[in-house]
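K.L.:
Structure below; questions to follow.
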Amino acid sequence: MADSPVIEREKCDGCGLCIDVCHCNILVLVDNVITVIEEKKCVSCNRWCAQCEMICPTGAITIPFDVVIEER
Ligand code: SF4
Ligand code: SF4
């Protein structure tokens, strides 16, 4: 699994909404495109809280969850 959200640069319009909701302060705008500045901090700080993914109006940022199916 990746350590941080996946950014689709072409979808990001630079609105900055995800920056406002990230309590770990690891998202910044570089050339008006969102960038993750400390990839490993996403999981260590907030365990992929997914606030950024939920608030993004363009679907530019997603959390790479693994789906694990357990047999019982
Ligand atoms: S998942 Fe949470 S901690 Fe990680 S970048 Fe998004 S808002 Fe920040
Ligand atoms: S909320 Fe989405 S479109 Fe806005 S800056 Fe973040 S990734 Fe880009």
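K.L.:
Between Lys11 and Ile55, what length in nm is gained on full extension when 0.36 nm per residue of separation is reduced by their alpha carbon distance?
P.N.:
14.5 nm
K.L.:
A follow-up question, please. What is the chain's relative contact order, in percent, from Cα pairs under 8 angstrom and six or more apart in sequence?
P.N.:
Computed value for the chain: 42 percent relative contact order.
K.L.:
Taking just the alpha-carbon atoms of the chain, what radius of gyration and Dmax come out, in angstrom?
P.N.:
12.7, 49
K.L.:
In µm²/s, what is D for the stretch 1-41 at 10 °C and 1.306 mPa s, where D = kT/(6 pi eta Rh) by Stokes-Einstein and Rh is the Kirkwood radius from Cα pairs?
P.N.:
Values: Rh = 10.6 Å.
Translational D for this selection: 150 µm²/s.
K.L.:
Moving on. Between Ile69 and Ile19, what is the spin-label point distance in nm, taking each point 7 Å from the Cα along the Cα→C-beta axis?
P.N.:
Taking the simple label geometry, Ile69 and Ile19 are separated by 4.2 nm.
K.L.:
If pairing requires two Cys Cβ atoms under 4.7 Å apart, which cysteines of the chain are left without a partner?
P.N.:
Cys12, Cys15, Cys22, Cys42, Cys49, Cys56
K.L.:
How would you order 31-40, 48-57 from highest to lowest mean count of nearby Cβ atoms within 10 Å? Walk me through the numbers before you get to the answer.
P.N.:
Values: 31-40: 14.2, 48-57: 17.0.
Those peptides, ordered most packed to least, come out 48-57, 31-40.
K.L.:
Report the gain in length on full extension from Asn32 to Asp3: 0.36 nm times residue separation, minus Cα-Cα distance, nm rounded to one decimal.
P.N.:
In short, 8.2 nm is gained.
Just so you know, all these numbers are worked out from the coordinates, no wet-lab data involved. Quick caveat, the model's predicted, so the values are computed rather than measured. For neighbour counting, all protein chains shown are included, and Cβ atoms are generated from backbone atoms with ideal geometry for every residue, glycine included.
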